[in-house]
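Engineer: First, the structure itself, so that you have it in front of you.
The values are calculated or read from the model by the stated rules, or taken from the named source; none is laboratory data. None of these values were measured; they are calculated from a predicted model. In this analysis, Cβ positions are derived from the backbone assuming ideal geometry, glycine residues included, and neighbour counts consider all displayed protein chains. Heads up: the accessible areas ignore ligands, DNA and RNA and are worked out on the full protein's heavy atoms, side chains in. Shrake-Rupley method; radii C 1.70, N 1.55, O 1.52, S 1.80 Å.
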Amino acid sequence: MQSLFSPLPATAGDTIFALVEAFQNDPAPHKVSLSIGTYFAEDGSIPVMRAVRQARDMLVQAGKPHPYLPIPGSASYRNAARSLIFGANGPEPERVVTTQSVGGTGALKLGADLLRHICPKATVWVSDPTWENHAQIFRQAGFAVHEYPYYDAQTATVRFAQMHDALQALPAGSIVVLHASCHNPTGVDLSADQWEALTELFARQGLIPFFDLAYQGFGLGLDADAEPIRAMARAGVECLVASSFSKNFSLYGERCGALNIVCRDETAADRALGQLKLLIRGNYSTPPTFGAALVAAILSDDALRQVWTDELEQMRTRLVSLRARLSNALTQLTGAREAWDYIERQQGLFSYMRLSPQQVESLRREHAVYLLKSGRLCVAGLTDGNIDYVARAIAACAQR
Ligand code: LMR
């Protein structure tokens, strides 16, 4: 008798995690993982940030029990998450709903499920290209997903006129996924003027912005990276924000995220929160405690918050210098400065390398350097120990 599951197509699941697995199984001693979006310290380890270490010690010593959290998460975590996005002069807290979520991905799915409940016929628009999980999340929530123009491979910049025209043609109520900063996978963000034009368009057109804020602090800084969201809220646009503390607290496996929704008024916020409680309860019931307790402890203590902010800023500036080093090394090896200077114009964890899928494949097979097939390279995986090797490998493959 055939198994119930036989009709399922064979799949490796997610391509990013499949690459991580392939890397782990690769016996090459000189292998380099530049695939998944994880920040590695100079010694190649995933850092435990100083503030996290201190907060962790405090929590362990306190030895508190492990009760259920309320369905939307702990109040201190929710307040901290909200204020990190909106700053001191954000919308009135009563009209912002924030719920804890299972990572930024969980926030996207929760928001998608909520929107599907409210506007089942809406279509979802994501940038071309985008983080590959975006389309899957919204499709699994039941939406049709389409792409709007974003990246210009010729110039390694945003095709803003085409993007604007495409969004302008959408009917009111369309859901548009935006990367607030550190665009994944391209590392190419909109300028302040472009954001201003987009904010005006969303307000006029009645589009629904759904921001993905997974890399706050790694682009231009904590406040600047959230500014597109703040501006949208100031313009009176109801918007959703999936935020994550995976990267900026180096707390990947703790799955600390938040779904934040700016609503027109308090009544709308109450309705949204009620529905979110039902969605969460019907899914994983209540959120996990430990990572959220760490984040809340750090963000609600001035001294710890400063320790965290300082270290995050060091991580951000280190990425900037790694970009310069990679671009310089490639220039020296190939003699073509203009071929590589785009690496320094991009920001965040990723560089979208102008490499063909065949060149990416050669990098992996011949040099054990792992990038995504699209050419996305995680700059945060470069170290003193591997950067020259990586540059030589890229130069060798790129010149074929
Ligand atoms: C990435 O894009 O590599 C990260 O956001 C990790 C993930 O979940 O895919």
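Engineer: Of everything in region 180-208, what is open to solvent by less than 20 Å² (accessible area, probe 1.4 Å) and outside any loop (DSSP other than H, G, I, E, B)? Give them in sequence order.
Structural biologist: Those that are open to solvent by less than 20 Å² (accessible area, probe 1.4 Å) and outside any loop (DSSP other than H, G, I, E, B): L198, T199, L201, F202.
Engineer: Is there any pair linking a residue in region 346-361 that is in contact (Cβ under 8 Å) with a residue 40 or more places away in the chain to one that is within 15 Å of the ligand (Cβ to nearest atom) and open to solvent by 40 Å² or more (accessible area, probe 1.4 Å), with Cβ under 8 Å and at least six apart or on different chains, and which?
Structural biologist: Between residues of region 346-361 that are in contact (Cβ under 8 Å) with a residue 40 or more places away in the chain and residues that are within 15 Å of the ligand (Cβ to nearest atom) and open to solvent by 40 Å² or more (accessible area, probe 1.4 Å), the close pairs are Y352/S374.
Condition check ((1) over 21 Å from the mean Cα position of the chain (by Cα); (2) under 29 Å from L312 (Cβ atoms)) across all residues:
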position: L213; (1), (2): no, yes
position: S244; (1), (2): no, yes
position: E266; (1), (2): yes, no
position: R281; (1), (2): yes, no
position: F290; (1), (2): yes, yes
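Engineer: Name the residues in region 342-373 that are closer than 18 Å to R323 by Cβ and among the hydroxyl-bearing types (S, T, Y), would you?
Structural biologist: Once the filter is applied, which keeps residues that are closer than 18 Å to R323 by Cβ and among the hydroxyl-bearing types (S, T, Y), region 342-373 yields Y342, S351, Y352.
Engineer: Go through region 17-70 and give me each residue that's under 30 Å from L371 (Cβ atoms), aliphatic (A, V, I, L, M) and open to solvent by 50 Å² or more (accessible area, probe 1.4 Å).
Structural biologist: Across region 17-70, the qualifying residues are I46, V48.
Engineer: While we're looking at this one, here's another question. Yes or no: G73 more than 30 Å from V379 (Cβ to Cβ) and open to solvent by less than 20 Å² (accessible area, probe 1.4 Å)?
Structural biologist: Yes; evaluated as a whole, the condition is true for this residue.
Engineer: Continuing with this model, one more query. Would you tally the residues in region 209-241 being open to solvent by 10 Å² or more (accessible area, probe 1.4 Å), within 16 Å of the ligand (Cβ to nearest atom) and within 20 Å of A272 (Cα to Cα)?
Structural biologist: 1
Engineer: When residues of region 320-345 are filtered for being aromatic (F, W, Y) and free of Cβ contacts under 8 Å to residues at least 24 places away in the same chain, how many remain?
Structural biologist: Adding up the residues that qualify gives 1.
Engineer: Of all residues in region 198-214, which are over 16 Å from N260 (Cβ atoms) and touching a Lys or Arg at 6+ places or on another chain (Cβ under 9 Å)?
Structural biologist: The one that is over 16 Å from N260 (Cβ atoms) and touching a Lys or Arg at 6+ places or on another chain (Cβ under 9 Å): T199.
Each row is one residue, and each column tells you yes or no for (1) in a loop (DSSP other than H, G, I, E, B); (2) of a type in the set (S, T, Y); (3) within 16 Å of the ligand (Cβ to nearest atom).
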| residue | (1), (2), (3) |
| --- | --- |
| S6 | yes, yes, no |
| A10 | yes, no, no |
| F17 | no, no, yes |
| P27 | yes, no, no |
| F40 | yes, no, yes |
| I46 | yes, no, yes |
| R56 | no, no, no |
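Engineer: If you don't mind, there's one more thing I want to ask. On the given criteria, is A292 open to solvent by less than 40 Å² (accessible area, probe 1.4 Å) and farther than 18 Å from F245 by Cβ?
Structural biologist: no
Engineer: For region 331-353, name all the residues that are part of a helix (DSSP H, G or I) and of a type outside the set (G, A, S).
Structural biologist: T331, Q332, L333, T334, R337, E338, Y342, I343, E344, R345 - these are the residues of region 331-353 that are part of a helix (DSSP H, G or I) and of a type outside the set (G, A, S).
Engineer: Still on this structure: Checking the condition touching a strand residue (DSSP E or B) at 6+ places or on another chain (Cβ under 9 Å) and open to solvent by 70 Å² or more (accessible area, probe 1.4 Å), which residue from R255, R264 passes?
Structural biologist: Exactly one residue qualifies, and that residue is R255.
Engineer: Look through S174, S244 and report the one residue that is open to solvent by less than 20 Å² (accessible area, probe 1.4 Å) and farther than 16 Å from V126 by Cα.
Structural biologist: S244
Engineer: Could you list, in sequence order, the residues of region 343-363 that are more than 16 Å from the ligand (Cβ to nearest atom) and surrounded by 22 or more Cβ atoms within 10 Å (Cβ to Cβ)?
Structural biologist: I343, L363
Engineer: Of all the residues that make up region 144-171, how many are open to solvent by less than 50 Å² (accessible area, probe 1.4 Å), small (G, A, S) and under 18 Å from T199 (Cβ atoms)?
Structural biologist: Of the residues in that region, 1 qualify.
Engineer: Mind counting the residues in region 146-176 that are closer than 20 Å to V241 by Cα and of a type in the set (S, T, N, Q)?
Structural biologist: Looking only at that region, the number is 1.
Engineer: Please specify each residue of region 86-111 satisfying the condition of being in a helix (DSSP H, G or I), more than 16 Å from the ligand (Cβ to nearest atom) and surrounded by fewer than 22 Cβ atoms within 10 Å (Cβ to Cβ).
Structural biologist: Within region 86-111, F86, P93, E94, R95 qualify.
Engineer: In region 120-144, which residues are part of a strand (DSSP E or B) and more than 16 Å from the ligand (Cβ to nearest atom)?
Structural biologist: T123, V124, W125, D128, A144 - these are the residues of region 120-144 that are part of a strand (DSSP E or B) and more than 16 Å from the ligand (Cβ to nearest atom).
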